[in-house]
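Readers should treat all values here as calculations from the given coordinates under stated rules, not as data from a laboratory. This one's a predicted model, so the numbers in the text were calculated from it and none came from an experiment.
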Amino acid sequence: MPQNRRFLLQRRPDGEPVPEDFELVTEETPQLADGQFLIRNHYASLDPAMRGWMDAGGNYMPPVPLGDAMRASTIGVVEESKAEGFEKGQWVMGLNALEDYSISMVGGFTQPIDPSLVPEITNYLSIFGAVGMTAYFGFLEVCEPKEGETVLVTGAAGAVGSLVGQLAKIHGCRVVGIAGGPEKCARLTEKYGFDAAIDYKGKDESALTEAIAQACPKGVDVIFENVGGAILDAGLMNLNLYARVGLCGLISEYNTEAVGARNLWNLIVTRSSIRGLLVMDFVERFPEGAAKMGEWAASHGLTIDEHVDEGLEGAYDSFMRLFAGSNDGKMILKIA
């Protein structure tokens, strides 16, 4: 069996993760048992949710055990198999780890994928993977948009946010995005078709509240929330009656002692609702979502940017791009 480089979690981060929380080691790859197959991981998805998996309490999944490789969604090729239905050379996608080789088994999270169905194999980690399904089900089913409504997307230049904005336009909504920096804001309007963009940098909650009011003169009917903190509080102050807030993420609070939203009272005033969304609730319907995303990609030019860094040795730096906002699109690590 080949040697296996593994990116291990060695201690629980205290606030923002630091390099000393991790270690890249080389180990022997265990022998396969009956019903198992060996995957050569080619690409891994780097997601904000991974920060929650590092904490002792975990979140919607158990924490990554100390001394074990960081959990990640990967796509790769079957290197060796003792499992029916998985043949050598077959492309697969699943929830595995940041490592060269992963062992999986029949009945697990890993499933075959067909490279011929997508422009790039990495699309299975973006538009046709959990990112695309989060945008599809999170926006359409949790936020329940209606034609003519105003939709505010935070973290709008990110992988999920950029797709949500495009879906909102397809469904006849007016879309305003919040992002960091002039380049990302320009991408929202020029590439993704947003009606307006707000640069959050240099703005406190009061200034953000006013900027949203100017960009959304008729108020906000839907917020697709990825950021939290002052950005969420500013959005809450611009809600229309019976607005819906879909809570997808709170990336600004993952490495800090979270203060929590202070303007939730305006949900009472506006009789609005806020609902958390988790893509794993819709796993059985992924084929439906992927088919629609493929249809819209062809008919409406639905697109997503992918930011691919190379090298397992750079996993820490690539992961931290998510919190610095220095990635330009879905953050993917090329391992093979």
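Between the amide H of Glu80 and those of Leu38, distances stay under 5 Å, these residues lying 5 or more places away or on another chain, with hydrogens modeled in the peptide plane. For Lys330, the lysines whose Cα falls under 28 Å of its own Cα, not counting residues fewer than eight places away in the same chain, are Lys146, Lys169, Lys184, Lys191, Lys201, Lys203, Lys292. For the chain, the membrane-span-like helix rule (DSSP H, alpha carbon extent of at least 18 Å along the helix axis, mean Kyte-Doolittle at least -0.5) picks out 286-300; this says nothing about an actual membrane. Residues considered: Ser45, Ser206, Ser81. Largest GNM mean-square fluctuation over the chain, using C-alpha springs under 10 Å, is found at Ser206.
Amide hydrogen proximity for Gly181: with H placed 1.01 Å from N in the peptide plane, the residues at 5 or more positions away or on another chain lying under 5 Å are Tyr200, Lys201. Segment 298-334 and segment 1-26 have Cα centres spaced 20 Å apart. Averaging the sequence gap over all C-alpha pairs within less than 8 Å and six or more residues apart, then dividing by the number of residues, gives the chain a relative contact order of 17 percent.
Give the percent of DSSP beta bridges with both residues in the chain that are antiparallel, rounded to the nearest 5. All intermediate terms of the calculation are to be shown ahead of the outcome.
Working: 34 of 60 bridges.
Of those bridges, close to 55 percent are antiparallel.
Coupling constants for segment 66-80 follow from the phi torsions by the Karplus curve (6.51 cos²θ - 1.76 cosθ + 1.60, θ = phi - 60°), and in residue order they are 4, x, 10, 6, 4, 5, 7, 6, 9, 10, x, 10, 5, 8, 7 Hz; glycine and proline get x. Averaging Cα coordinates gives a centre for segment 209-250 and one for segment 43-121; these two points are 35 Å apart.
With θ taken as phi - 60° and the Karplus curve 6.51 cos²θ - 1.76 cosθ + 1.60 applied, the whole-hertz 3J(HN,Hα) list for segment 261-274 is 5, 9, 9, 4, 4, 6, 5, 5, 4, 9, 6, 9, 10, 10 Hz, x standing for glycine and proline.
Please compute the contact order of segment 130-280 in relative form: average sequence separation of alpha-carbon pairs under 8 Å and at least six residues apart, divided by the residue count, as a percent. Walk me through the numbers before you get to the answer.
On the way: 322 pairs, mean separation 34.6, N = 151.
Here the relative contact order equals 23 percent.
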